[in-house]
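Only the coordinates and a few stated rules stand behind these numbers; no lab work does. It should be emphasised that the depicted structure is a prediction, and the values quoted were computed from it without experimental measurement. Please note: Cβ atoms are built from the backbone with ideal geometry, for glycine as well, and neighbour counts cover all protein chains shown.
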Amino acid sequence: MLVLSSKQSFTTSPRLGPRTRSTRPCVCICSQHRPAQGPATEARRAFLIALALGSGALQISAAATAAAPPSCSDYKTSSSGLQWCDIQEGTGKSPNKGQSVKAHYTGRLASNGAVFDSSYERRRPLNFKVGIRQVIAGWDQGIIGSDDIPPMKEGGKRQLIIPPELGYGQRGAGGVIPPNATLQFDVELLGKK
């Protein structure tokens, strides 16, 4: 999945050449463009490999756009600009910052509904630590909550509409998510890893 943090530090950028520090995501998985080690790095790398294999080498699946997203009629907007709607409220516990969780998701471009990634298609949920920027800020806020967003509970399904500043911003990601894209995610919080 292309839910990399937009605040990662890299010493090079595949599109911009050598840099001293970049706050932009690198979606390349080769050793030249990624930090050498760490569980967050390995999780991202595994995710990108799964994305490349599962979605036809980073191309948006035309068949995937046929499936309509679950409908939400009661979106709420947080002070950060994140919009959210609970499709199904969970009955389990809410995750804490830094806790390992697993979630199924489908990511779409809000502009046209085109699916750019789905863990459902791979039949494998995403495992990550929530709240520590292993995923984009919109996911962290949408799952663990904030002052004006309640946290998700295990078993819950939530739709998130993520503005560019909480997603991939001006750079976009991997040639799949264009610059300044608003994203729509259907997230199902399965529980702890």
If you add up the charges near Cys72, with Lys and Arg at +1 and Asp and Glu at -1, over every other residue whose beta carbon is less than 15 angstrom from its beta carbon, what do you get? -1
For Phe116, other-chain or 5+-apart residues with amide H closer than 5 Å (H placed, Pro excluded) are Gly107, Arg108, Leu109
Past 20 Å, Cα to Cα: identify those pairs from Lys93/Lys129; Lys76/Lys192; Lys97/Lys192, in the order given. Lys76/Lys192
Classify the range 112-186 as rounded, prolate or oblate, taking a ≥ b ≥ c as the square roots of the eigenvalues of its Cα gyration tensor: rounded when a/c is under 1.5, otherwise prolate if a/b is larger than b/c and oblate if not. oblate
